Amino acid sequence: MTTTFVTCPLCEATCGLEVTSKGSDVVRIRGDREDPFSRGFICPKGSTLKHLHVDPDRLRAPVVRDGDDWREVSWDEAFAEVERLLMPVLEEHGRESLGLYLGNPNVHTMAGQLYVIPLVFAGGSKNIFSASTVDQMPKHVSSGLMWGDPLSFPLPDIDRTDYLLMLGADPYESNGSLCTAPDFPGRLEAIQARGGKVVVVDPRRSKTAEHADEHIAVVPGTDALLLCGIAHAIFDEGLDEVGRLAPHVTGVDEVREALEEFTPEAVAGPTGVEAGTIRQLARDLAAAPAGVVYGRIGNHTVEFGTLGAWAADVCNVLTGNLDRPGGAMFASPPYTRIPQGEPGGRGFATGRWTSRVKGHPEVRGELPVATLADEIETPGDGQIRAFLSVAGNPVRSCPNSERLDAAFAGLEAYIAVDPYINETTRHADVILPPPSALERSHYDFAFSANAVRRVAKYSPAVFTTDAPDEGEILARLVLLLMGAGLDADTDLVHDQVLDHFVDRELRDETSPIFGRDKDEIVAELTSLAPVERVIDLRLRTGSFGDGFGADPDGLTLTRLREKPHGIDYGPLVERFPAAICTESGKVELAPPSVIDDLERLRDTLARSANGTLRLVGRRQLRSNNSWMHNMSVLVKGEERCTLLVNPVDAAELRARGRVERARGVTGRKGDRARRSDRRHDEGSREPAPRLGSRRSANTDECGGRPPRREHQRTHR
Ligand SMILES: Nc1nc2c(c(=O)[nH]1)N[C@H]1C(S)=C(S)[C@@H](COP(=O)(O)OP(=O)(O)OC[C@H]3O[C@@H](n4cnc5c(=O)[nH]c(N)nc54)[C@H](O)[C@@H]3O)O[C@H]1N2
Ligand SMILES: Nc1nc2c(c(=O)[nH]1)N[C@H]1C(S)=C(S)[C@@H](COP(=O)(O)OP(=O)(O)OC[C@H]3O[C@@H](n4cnc5c(=O)[nH]c(N)nc54)[C@H](O)[C@@H]3O)O[C@H]1N2
Ligand code: SF4
Ligand SMILES: [Mo]
């Protein structure tokens with residue numbers, strides 16, 4: 001029996017897992033009780049790493065399309081096929097004819113962290129898409145505009161807060177997002193146990209709302225208005241106390257002026273939240289010794305997501321809660337250094353280019369996935385004809401599945417890097433599967449940078465494999481796209497990745513290896529595998545690192561491996577003002593683009609809360625985005641693929657449905673198409689859902705090509 005301690009890569013909570021194995025079998029997976037951060041916590045998904053590992057539907061070898069079937073091939077054959085299919089399209093139609101989609105698991109793999117950027121460069125196309133634009137992109141934008149760094153999310157310091165106002169997040173199901181805190185529910189209960197208060201804003205009585213001290217059932221899509229109302233009340237009642245932040249903040253008066261019309265009374269109508277309640281929220285937030293506003297999916301992935309993200313932080317700044325223990329704090333993961341010195345930087349801009357068909361602005365080098373189908377379908381120069389997806393399922397996860405499904409079916413060449421044949425990759429010509437999560441090492445660069453404590457942990461691979469790891473797969477794709485051919489040595493790419501990080505350190509005056517000899521540094525790393533070299537470099541140049549000799553007792557990868565449960569370096573620390581990277585060197589509370597956009601929000605003040613229905617999404621503990629439904633241990637039990645309707649609405653709809661059926665209105669051919677043309681907020685009424693008839697959305701909606709081989713069972 002062997003025991004390996006790893007970080008769970010399935011969601012943002014990064015729980016420590018204890019994996020017991022014998023030979024090539026997983027005997028048991030349970031929470032690692034000695035992990036200082038997760039302290040034994042595990043959710044039902046964590047132990048399914050075993051089921052994912054043994055799932056017969058998981059691809060073990062590359063497959064290429066063979067008519068309507070798939071054929072397993074060797075890796076060399078697979079890459080030859082990639083070159084044969086992809087390169088002629090790019091040669092004939094130019095680099096813009098390549099589309100790339102980067103899915104969510106890229107933030108959970110080293111390959112995604114280190115090799116996707118070279119892949120994007122090698123592709124040479126601006127048609128880059130990712131799951132971010134159906135997720136957290138609004139927070140990148142508001143953070144970029146306000147603090148100058150789109151990656152600096154202020155995290156709710158939930159372990160020390162006295163008051164948490166949480167909008168559109170359901171951590172009892174999803175375990176936290178843009179706030180890495182294993183056992184999020186336990187940490188929320190700890191707030192309550194120490195006399196603090198948790199307020200949940202959610203149109204639905206979610207599990208998290210049930211556990212809250214107060215639940216505010218906001219009208220879907222109106223959180224930005226609600227938050228503007230709270231900010232207005234903070235000004236109006238003289239609760240603003242920017243205090244010690246004041247020398248570092250600009251734009252307070254502009255915000256006060258811009259929010260003039262967003263009185264609690266004015267936003268009460270459209271949000272469905274009474275003015276008195278809104279004022280009380282402002283008072284409670286301001287009165288708490290340390291309080292914080294935290295918004296997630298329901299505040300970001302909505303019509304006014306960027307304004308919602310901005311307004312949440314406006315409330316944090318106005319109440320002096322930014323960069324305060326128990327408030328909204330910037331992370332400082334041990335593999336980085338806490339910036340010192342004067343604030344200021346290059347700032348942040350969007351719209352450096354726009355999408356071809358609809359002119360949407362680029363953000364962080366990406367275009368919104370909502371326009372992906374337009375870019376594939378619309379003829380002309382720059383039309384996407386070839387595609388590369390890595391760890392994603394856009395046909396299921398992005399707007400208008402049916403249309404995207406058809407668009408993907410029409411591509412000239414499509415290469416996917418994915419362990420499964422899913423609704424999207426079934427359209428691929430070649431699928432390149434990475435090894436399972438238990439066959440790779442990991443250091444969570446992404447989520448330790450969103451964590452509420454400063455933690456470091458290295459996960460070794462539980463099993464070895466002869467198959468190429470995902471970094472190697474992506475490196476070969478990089479070489480092909482660069483035109484280096486099938487025989488080029490992937491070390492070229494691995495070295496380039498390392499060079500990028502080494503060069504950055506050597507140029508950075510604050511680095512312990514600033515100005516040192518490059519060969520000497522690289523020589524100290526050469527005995528390690530490509531990914532481990534980067535981990536070692538970053539740990540050694542980070543806050544607690546050995547600085548390649550500067551601090552002989554400091555952290556190195558070797559020392560971290562001696563602590564298999566990980567190291568906890570304590571809670572977050574204040575980072576003002578050096579953390580601010582805007583051009584002005586100050587927090588920009590009133591970025592012009594945001595203030596301009598308030599005009600659009602102002603128009604919604606006249607919207608009524610009643611009379612329309614909206615469909616909102618929700619997550620469930622026993623599933624993971626679009627891709628873990630093959631695990632029978634997770635999907636067994638009661639059907640959870642259900643539509644929830646408020647009983648009052650349901651009764652009304654049922655009555656209306658009866659009337660409409662009696663009139664013969666519903667059920668005729670063409671109704672569906674006509675209805676989908678109408679916008680929901682214009683008051684269209686769908687026919688009554690049949691209550692009690694539980695149908696699986698997965699089997700119901702899955703259109704497109706017929707299933708191929710048993711791999712298709714991935715999604716039931
Ligand atoms: N209706 C609706 N749509 C949504 C959401 C919603 O709540 N409702 N949520 C949105 C959000 S927040 C997100 S993040 C997106 C997610 O959208 P996507 O990222 O497009 O989809 P996922 O379901 O996360 O798909 C993950 C894919 O990665 C593959 N995969 C798993 N592990 C690995 C790996 O190690 N390497 C590789 N190469 N592949 C791997 C899986 O097989 C699967 O095919 O969906 C968004 N869309
Ligand atoms: N078990 C499990 N865990 C997951 C995932 C998963 O699929 N399954 N996915 C992971 C991913 S990729 C992400 S991004 C995170 C997301 O984690 P969260 O951000 O916590 O997202 P959800 O759990 O979808 O909760 C969103 C909540 O917003 C509510 N909501 C919908 N519309 C509105 C609105 O207009 N206003 C407000 N205030 N609320 C609204 C919904 O009812 C729901 O309760 O979860 C991660 N963790
Ligand atoms: S909460 Fe997330 S990280 Fe923790 S065991 Fe579950 S899936 Fe893994
Ligand atoms: Mo997400």
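The values are calculated or read from the model by the stated rules, or taken from the named source; none is laboratory data. All figures in this text were calculated on a predicted structure; none of them were measured in a lab. Heads up, the Cβs are rebuilt from the backbone with ideal geometry, glycines too, and the neighbour counts pull from every protein chain shown. SASA here: full protein model, heavy atoms, side chains in, ligands and nucleic acids out. Shrake-Rupley method; radii C 1.70, N 1.55, O 1.52, S 1.80 Å.
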>> Place a point 7 Å from Cα of Ser74 in the direction of its Cβ. Which residues in the stretch 470-499 have their backbone N less than 14 Å from it?
In response: 487
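Given the alpha-carbon gyration tensor of the stretch 350-420, what are the semi-axes of its equivalent ellipsoid in whole angstrom, ordered largest first, with each equal to the square root of 5 times an eigenvalue? Write down the numbers at each step before the final one.
Values: eigenvalues 79, 43, 29 Å².
Each semi-axis is the square root of five times an eigenvalue, giving 20, 15, 12 Å.
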> So what are the three principal axis dimensions of the chain from its Cα atoms, in whole Å, longest to shortest?
Replying inline: 67, 67, 54
> About its Cα centre, how strong a charge dipole does the chain have in debye, to the nearest 20, once Lys and Arg get +1 and Asp and Glu get -1 at the Cβ?
Replying inline: 2860 debye
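Can you tell me the dipole magnitude for the stretch 1-54 around its Cα centre, using point charges on the Cβ only (Lys, Arg +1; Asp, Glu -1), in Debye to the nearest 20? Write down the numbers at each step before the final one.
Values: 7 positive and 6 negative charges, 38 e Å.
My answer is approximately 180 debye.
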>> Rounded, prolate or oblate, given the Cα gyration tensor of the stretch 38-146, with a/c below 1.5 counting as rounded?
In response: oblate
> Taking K and R as +1 and D and E as -1, what net charge do the other residues with C-beta under 15 Å from the C-beta of Met482 add up to?
Replying inline: -4
>> Tell me the Rg and the Dmax, in Å, that the Cα atoms of the stretch 1-54 produce.
In response: 10.4, 30
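Fully extended, how many nm does the chain gain between Arg352 and Glu257 (0.36 nm per residue separation, minus their Cα-Cα distance)? Show your work: numbers first, answer last.
Values: separation 95, 0.36 × 95 = 34.20 nm, distance 2.94 nm.
Value of the extension gain: 31.3 nm.
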>> Keeping every protein chain present and rolling a 1.4 Å probe, give me the accessible area per residue for the stretch 1-54 in Å².
In response: 42 Å²
>> Kirkwood Rh and Cα-based Rg: tell me the resulting Rg over Rh for the stretch 509-553, rounded to two decimals.
In response: 0.94
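Taking 8 Å as the Cα distance limit and 6 or more residues as the minimum spacing, I'd like the relative contact order of the chain as a percentage.
Details: 1421 pairs, mean separation 139.6, N = 716.
That works out to 20 percent.
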>> At 0.36 nm per residue, and after removing the present C-alpha to C-alpha distance, how many nm does the segment from Ala370 to Asp25 gain when stretched out fully?
In response: 120.0 nm
> When the chain is fully extended, how far beyond the present Cα-Cα distance does Asn646 get from Ala529, taking 0.36 nm per residue of separation?
Replying inline: 36.6 nm
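How large is the Kirkwood hydrodynamic radius of the stretch 226-289, in angstrom, based on all distinct alpha carbon pairs?
On the way: mean 1/r = 0.0829 Å⁻¹.
About 12.1 Å for the stretch 226-289.
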> Which of Gly124, Pro368, Leu98 sits closest to the plus end of the dipole of the chain, meaning its Cα is farthest towards the positive end, when Lys and Arg get +1 and Asp and Glu get -1 on the C-beta?
Replying inline: Pro368
> Alpha carbon centre of the stretch 538-608 versus the stretch 119-159: separation in Å?
Replying inline: 13 Å
>> Considering only protein heavy atoms and a probe of 1.4 Å, how much of the accessible area of the chain is carbon and sulfur, as a whole percent?
In response: 49 percent
> Under a plain spin-label model, where a point goes 7 Å from the Cα along Cα-to-Cβ, how far apart in nm are Asp519 and Ala193?
Replying inline: 5.8 nm
>> Starting from a Cα-only point model with no solvent, please compute log10 I(q)/I(0) by Debye for the stretch 388-482 at q = 0.21 1/Å.
In response: -1.06
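Averaged over all directions, how much area does the convex hull of the C-alpha atoms of the stretch 234-376 cover when projected, in nm²? Write down the numbers at each step before the final one.
Working: hull surface 47.7 nm².
Average projection, Cα convex hull of the stretch 234-376: 11.9 nm².
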>> Restricting things to Cα coordinates, could you compute the convex hull volume per residue of the stretch 186-249 in Å³?
In response: 138 Å³
> Under the definition of Cα pairs under 8 Å and six or more residues apart, what whole-number percent is the relative contact order of the stretch 1-50?
Replying inline: 30 percent
> Can you tell which of Pro203, Gly515, Gly298 lies farthest toward the positive end of the dipole of the chain, using +1 and -1 charges on the Cβ of basic and acidic side chains (Lys, Arg; Asp, Glu)?
Replying inline: Pro203
